[in-house]
Amino acid sequence: MDAISEKILQELSRDGRISNLELADRVGLSPSACLRRVQDLERRGIINGYRAVLDRTQLGVGFVAYVGVGLSDHSKASQEAFEKSISRSPEVRECHNITGTIEYLLRVECADLAAYKIFHTDVLGALEAVHSITSYVVMGSPKDERA
């Protein structure tokens, strides 16, 4: 990966809707050379897609928490069952299998604290393999580069 490709990725990370003409101008390439590089980055899987960044509060999401989940059983079957169950929960926006004292870190988004309590009790609390739940409520996000 050379400096020009890195600059292309940086510009696309800032604005995925930038025109090829504008992108080419910003990185110092001709439009055709820029397009070839972007297509190569896509073909190589470095660029996996483009998406809209949503203002979740405008969509009624006023509560965000990161939730650490520990399982009582560390078997593959237990992990697969947990992942299958959690994938059906629209409140779970991210699920990461991690190392350390717990098995999973979830990013959970709900309308409010009352909705989170229902999720905590009726979804996470209802899963047999769940041994521990630790919630970290997001009070603000001064830096968030997720797209």
Checklist entry - Just wondering, is there one or more residues in region 94-104 that are more than 30 Å from MET139 (Cβ to Cβ), loosely packed, with under 11 Cβ neighbours inside 10 Å, touching a residue at least 24 places away in the same chain (Cβ under 8 Å) and more than 16 Å from the chain's Cα centre (by Cα)? => result no
Checklist entry - With GLU22, GLU6, GLU83, GLU42 as the choices, which residue is closer than 24 Å to VAL138 by Cα, free of Cβ contacts under 8 Å to residues at least 40 places away in the same chain and part of a helix (DSSP H, G or I)? => result GLU83
Checklist entry - Would you pick out the residues in region 45-80 that are part of a loop (DSSP other than H, G, I, E, B), over 16 Å from the mean Cα position of the chain (by Cα) and of a type in the set (Gly, Ala, Ser)? => result GLY45, GLY60, GLY62, SER72, SER75
Next on the checklist: On the basis of being in contact (Cβ under 8 Å) with a residue 60 or more places away in the chain, not aromatic (Phe, Trp, Tyr) and not in a loop (DSSP other than H, G, I, E, B), does SER32 make the cut?
Outcome noted: no
Next on the checklist: Any residue in region 130-147 that is at negative phi sitting within a Cβ distance under 9 Å of a residue that is of a type in the set (D, E, K, R) and open to solvent by 70 Å² or more (accessible area, probe 1.4 Å)? List the pairs, counting only those 6 or more apart or interchain.
Outcome noted: HIS131/ASP73; ALA147/ARG51
Checklist entry - Just wondering, is there one or more residues in region 108-120 that are farther than 19 Å from VAL61 by Cβ, more than 16 Å from the chain's Cα centre (by Cα) and surrounded by 13 or more Cβ atoms within 10 Å (Cβ to Cβ)? => result no
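May I ask you to say which residue of ARG37, ARG51 is among the basic types (Lys, Arg) and loosely packed, with under 10 Cβ neighbours inside 10 Å?
Values: ARG37 fails: loosely packed, with under 10 Cβ neighbours inside 10 Å.
Exactly one of ARG37, ARG51 is among the basic types (Lys, Arg) and loosely packed, with under 10 Cβ neighbours inside 10 Å, namely ARG51.
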Checklist entry - Can you pull out the residues in region 119-141 that are outside any loop (DSSP other than H, G, I, E, B), within 21 Å of GLU83 (Cβ to Cβ) and of a type outside the set (D, E, K, R)? => result PHE119, HIS120, THR121, VAL123, LEU124, VAL130, HIS131, SER132, ILE133, THR134, SER135, TYR136
Item to check | Matching residues, region 4-40, being of a type in the set (A, V, I, L, M) and over 24 Å from ASP144 (Cα atoms) | outcome: ILE4, LEU21, ALA24, VAL27, LEU29, ALA33, LEU35, VAL38
Checklist entry - Do we find a residue being in contact with a helix residue (DSSP H, G or I) (Cβ under 7 Å, 6 or more places away or on another chain), within 23 Å of LYS143 (Cα to Cα), open to solvent by less than 70 Å² (accessible area, probe 1.4 Å) and free of Cβ contacts under 8 Å to residues at least 40 places away in the same chain anywhere in region 62-77? => result no
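The values are calculated or read from the model by the stated rules, or taken from the named source; none is laboratory data. Given the structure is predicted, the values throughout are model-derived calculations rather than measurements. Reconstructed Cβ throughout: ideal geometry from the backbone, glycine too, with neighbour counts over all protein chains shown. Only protein heavy atoms, including side chains, enter the accessible area calculation; ligands, DNA and RNA are left aside. Shrake-Rupley method; radii C 1.70, N 1.55, O 1.52, S 1.80 Å.
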